[in-house]
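Since every read-out is calculated from the coordinates, none of them should be taken as a lab result. Owing to the predicted nature of the structure, the values given are computational and were not obtained by experimental measurement.
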């Protein structure tokens, strides 16, 4: 099933893209032209930690729960490198994203 994803960050305009329930949020963002913060891509480092504002996710593989802990029970953190949507989502990332561009060398070669 395909879901609408909106990602927010305090310093940027929100981005939106579609994500299949069998695809990680990181992979779907990449396919849509956005590079989200990540390092290990295995749910262990916490670099991709994001707050789920609305909606739900499913973990496609194990993740470190240490990075998802919060003193505020109203805040739900997820590691989006191993999370897939199970509904439409609005999430807020701790780190800004980059818009992916055509490889500069490819662009110069035409």
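Annotations
- Length released on extending from residue 13 to residue 99, taking residue separation times 0.36 nm less the Cα-Cα span: 29.8 nm
- Estimated D of the range 22-64 in µm² per second, where Rh is the Kirkwood radius over Cα pairs and Stokes-Einstein applies at 20 °C, 1.002 mPa s: 189 µm²/s
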